[in-house]
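A quick write-up on the structure given underneath.
The values are calculated or read from the model by the stated rules, or taken from the named source; none is laboratory data. Nothing here was measured: the structure is a model prediction, and the numbers come from that model. Glycine also receives a Cβ, built like all others from the backbone with ideal geometry; neighbour counts cover every protein chain displayed. Each accessible area value is taken on the protein alone, full model and side chains, heavy atoms only, with ligands, DNA and RNA left out. Shrake-Rupley method; radii C 1.70, N 1.55, O 1.52, S 1.80 Å.
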Amino acid sequence: MVIIESQNLFFSIPSIKWSSSRLERFLECNLKDYYTYIHPVRLATNADLTLGKFVHSMIEKFWNDKELPKYKTVDTFKNAMKAKWNFMVSQGTSRGQPLKWRTKQEPWIYRNKMLGLTEIIYKRCSEIGQPKYAEYPFDFVLGGVRFIGSIDELRNPRTVIDHKNYGEYFDPKAPEFQEKLDKKLQLTVYSLAVAVNAYLDQKFASSLEIEVNRKLSWEENLESISSKLDIFMHLVRTGEHIPTQRRTINQYKDLFDLVKKIDEQRARNIFTPNRGNHCYNCNAFEQCTYDTEHGLLPVQKEDGQLSLLESIQIYPEPVSLIKPRNKKEKKKTRQRRLKF
Ligand code: SF4
């Protein structure tokens, strides 16, 4: 646990960092969290995940320093991506994680899938232009919970965009999918992160045309900022931007309740496997299936110590923990940071 000090009072920073993907992974199968964080095994990235990461980087790195597309035509974009994919396969890693292919042909089947997206990505990115922020990082503590992550795109005015490489099964017009998007935890965390960062950093707020009223409390500001944030899911295979519901304070409260519940369960080592079709795509499939006799599986604890309760005191306001990358940025930053 890290301690922060403010006006001679001490507050703790929770040692556990919750990202939306960690929360969603935990809800899909608790045991995955165990294999990722508690008893980590070096998990290889499967083909779907590799393609997803690659597509994110294709969009993020589409523009040059002059805010223009780096590639003059679709074909140059396609050839550059093909070369990049070939290099990644030859290296056997993606962002430091080993790649795992089920068959010899799989890297090339997935390369074709990726190349099939180049035209639509090129068109979308060329038309819409560079976002204000791409892969915007956040790391903040609120109500004794630490959230980390990065947001795919932030655009003007007040717009959050998340890229999703969903397949044909996802029909944006189907009510059940719309409902899922409206309740999607990841988008709730992103909305909260933008509201918190806008409240803490006036420059960031202005850059996205977000109004912060200093006469209001931070809670009121979070509510008012969130009520004006537009949140879209960018369906990569079609280039569509699917609107989703704006997040409310009640959704944030539910999020905090959920994190607390999960944290209690995690502290007691209660990791229940949830076996199903998703296991086929689980990176811990082998460990989970075969490693039952080597002490890797968790043993439940009666009195697990809760990270949320081990705090000395919970800091009453949001705090950003993003560290400036260099001295220049340090000078420029106006985010509220505490000595720790
Ligand atoms: S293989 Fe299935 S049950 Fe095992 S950790 Fe993965 S998702 Fe959970």
* Consider Asp65 carefully, then state whether it is farther than 27 Å from Ile16 by Cβ, over 23 Å from the mean Cα position of the chain (by Cα) and part of a helix (DSSP H, G or I). => no
* To do: Please give the number of the condition Ile210 fails out of (1) without any contact (Cβ under 8 Å) to a residue 60 or more places away in the chain; (2) open to solvent by 70 Å² or more (accessible area, probe 1.4 Å).
  => (2)
* Please verify whether segment 32-52 includes one or more residues that are among the aromatic types (Phe, Trp, Tyr), over 27 Å from Leu235 (Cβ atoms) and buried (at least 16 other Cβ atoms within 10 Å of the Cβ). => yes
* Structure fact -> Pairs returned, first residue in segment 266-278 that is more than 9 Å from the ligand (Cβ to nearest atom), second residue that is among the polar types (S, T, N, Q) and modelled with pLDDT under 85, beta-carbon separation under 8 angstrom, 6 or more apart or interchain, are Ala267/Gln305; Ala267/Ser307; Arg268/Gln300; Asn269/Gln300; Ile270/Gln300
* Asked: Among Leu117, Leu154, which is open to solvent by less than 70 Å² (accessible area, probe 1.4 Å) and within 27 Å of Asn283 (Cα to Cα)?
  -> Leu117
* To do: Output the number of residues of segment 167-197 satisfying the condition of being surrounded by fewer than 16 Cβ atoms within 10 Å (Cβ to Cβ) and of a type in the set (Ser, Thr, Tyr).
  => 1
* Asked: So which residues in segment 34-57 are more than 22 Å from Gln105 (Cβ to Cβ), outside any loop (DSSP other than H, G, I, E, B) and over 17 Å from the mean Cα position of the chain (by Cα), if there are any at all?
  -> Tyr34, Tyr35, Ile38
* Quick one: would you say Phe138 is more than 20 Å from His241 (Cβ to Cβ), among the aromatic types (Phe, Trp, Tyr) and open to solvent by 80 Å² or more (accessible area, probe 1.4 Å)? -> no
* Structure fact -> Checked pairs for segment 13-30, first touching a residue at least 40 places away in the same chain (Cβ under 8 Å), second assigned to a helix (DSSP H, G or I), C-beta under 6 Å and 6 or more apart or across chains, list as Trp18/Val259; Ser20/Leu185; Ser20/Gln186; Ser20/Val189; Leu23/Leu185; Glu24/Leu185; Phe26/Asp33; Phe26/Ile262
* **Residue, nearest to the ligand (Cβ to nearest atom), within segment 286-302, restricted to residues that are modelled with pLDDT of 65 or more and surrounded by fewer than 16 Cβ atoms within 10 Å (Cβ to Cβ)** => Thr289
* For segment 225-248, state whether one or more residues are open to solvent by less than 30 Å² (accessible area, probe 1.4 Å) and acidic (Asp, Glu). => no
* Asked: Could you say whether any residue in segment 304-314 is of a type outside the set (Phe, Trp, Tyr), at pLDDT below 90, more than 16 Å from the ligand (Cβ to nearest atom) and not in a loop (DSSP other than H, G, I, E, B)?
  -> no
* To do: Check segment 55-66 and report whether any residue there is modelled with pLDDT of 95 or more, open to solvent by 60 Å² or more (accessible area, probe 1.4 Å) and polar (S, T, N, Q).
  => no
* Structure fact -> Looking across segment 14-31 at residues that are open to solvent by 60 Å² or more (accessible area, probe 1.4 Å) and not in a helix (DSSP H, G or I), the single one that is nearest to the ligand (Cβ to nearest atom) is Lys17
